[in-house]
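First up is the structure itself, then whatever we jot down about it.
The values are calculated or read from the model by the stated rules, or taken from the named source; none is laboratory data. The model shown is predicted, which means the values in this text are computed figures rather than measured ones. Don't worry about glycine lacking a Cβ; one is built from the backbone with ideal geometry, like all the others, and counts go over all protein chains shown. Ligands, DNA and RNA are excluded from the accessible area calculation, which covers all protein heavy atoms including side chains. Shrake-Rupley method; radii C 1.70, N 1.55, O 1.52, S 1.80 Å.
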Amino acid sequence: MKRRLFINRSSTGLLGLALAPSLIISEPTEFSILELMGKVDIDLHGVKEGINLRKEAYEAFLAMKKAAYKDGIDLKVVSSYRSFNRQEAIFERKFERYTYEDKMKPIDAIDKIIEYSTIPGTSRHHWGTDIDIVDGYRKVEGDVLTPSKFEEGQPYETFKKWMDENSNSYDFHLVYTDNPKRKGFKYEPWHYSYAPISKPMLTAFRNKNIVKLLQSETFLGSEYFTNGFLKSYVQDNILDINPKLL
């Protein structure tokens, strides 16, 4: 991933208000900023089953899971809803490892983190609409969320083919595709989003001053978030996704 241009943070305190029109939409929304950033509890379904989704997304997932069963695939949730605090812990743990153990410069560590992990408060997993899933029938050693394991001849090949052919019928769409022109997060063949809810939530989030919101955070590493970096992050990591989810 190319290093983003880091601009002096003090150059303007209002850059978030000057983002390109595509980054801000002036539409009313029923979603609060605390809800969008994972800072309040939401009504989750399938908690005992480890699914943790909003009701409508949960019911759609169960229907998709039932259909996959018939074709010999067990849709297993690896990760779903994630609170702000949980995402913060993930981000800080990686920042510490890259900067202290691997001796990376802070800006390089952040670029490394956001290859796959989001900045706390910006994760789609905060919304109760997104899931990381694999085929539970396959016995895989090591990290199951590795792109190569979804390729031809690999453990999740059949899962990948089934999802490509069927997931859209249940309104679940791959978020970070393998389109070579796409920027931001790397290809994640396991990450799906329930569009009927996540699309309006993204619209609501785009209506917020995301740059200003993130500049007010104080978790480990956030002091290196300059205006230029955050502007690029919003454009590339939050908005450069599967067009069906915009």
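Structure above, values below:
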| read-out | value |
| --- | --- |
| Accessible surface of the range 64-187, 1.4 Å probe, proportion on carbon and sulfur as whole % | 44 |
| Dimensionless Rg ratio for the range 141-246, taking C-alpha atoms and the 2.2 N^0.38 Å reference | 1.26 |
| Sites Lys105 and Glu59 - FRET efficiency at Förster radius 51 Å, r taken between beta-carbons, to 0.05 | 0.65 |
| Cα Rg over Rh - the range 138-187, Kirkwood | 0.98 |
| Exposure of Trp162 as accessible area (Å², to 10), given a probe of 1.4 Å and all protein chains | 20 |
| Cα pair distances exceeding 21 angstrom across the range 70-156, given as percent | 46 |
| Calculated from backbone phi, Karplus (6.51, -1.76, 1.60) coupling profile of the range 130-141 in Hz, x at Gly/Pro | 10, 9, 9, 9, 9, 8, x, 6, 8, 8, 10, 8 |
| Value of relative contact order over the range 141-246, rounded to a whole percent, pairs C-alpha under 8 Å and six or more apart | 28 |
| By accessible area with a 1.4 Å probe, ligands and nucleic acids excluded, highest first: order of Lys139, Lys76, Lys186 | Lys139, Lys76, Lys186 |
| Largest-first principal axis extents of the Cα set of the range 23-111 (Å) | 49, 41, 26 |
| Sequence of Arg206, Arg86 when ordered by accessible area, the most exposed leading, probe 1.4 angstrom | Arg86, Arg206 |
| Ser148-Lys244 pseudo-label distance in nm [points 7 Å out on the Cα-to-Cβ vector] | 2.8 |
| Calculated FRET value between Tyr137 and Tyr224, using beta carbons and R₀ = 51 Å, to 0.05 | 0.75 |
| Inverse of mean 1/r across different Cα pairs in the chain, Kirkwood, Å | 18.8 |
| Cα lying deepest toward the dipole's positive end in the chain, options Gln154, Asn52, Val234, charges on Cβ | Val234 |
| Dipole magnitude of the chain, debye to nearest 20 (Cβ charges: Lys/Arg +1, Asp/Glu -1, about Cα centre) | 520 |
| The chain - percent relative contact order, Cα under 8 Å, separation 6 or more | 29 |
| List Lys94, Lys39, ordered by accessible area with a 1.4 Å probe, largest first | Lys39, Lys94 |
| Cleavage-rule hits (GluC sites (Glu not before Pro)) in the range 143-232: DSSP loop, at most 10 neighbouring Cβ within 10 angstrom | Glu152 |
| For the range 116-185, size of Cβ-based charge dipole, Lys and Arg +1, Asp and Glu -1, in debye | 240 |
| In nm, spacing of pseudo-spin labels at Lys212 and Asn85 (7 Å Cα→C-beta vector) | 2.8 |
| Listed pairs Lys39/Lys112; Lys186/Lys231; Lys66/Lys112 exceeding 29 Å between Cα atoms | Lys66/Lys112 |
| Three-way shape call for the range 27-76 based on the alpha-carbon gyration tensor, with the a/c threshold at 1.5 | prolate |
| Choice from Phe91, Phe219, Phe172 with maximal GNM fluctuation in the chain (Cα, 10 Å cutoff) | Phe219 |
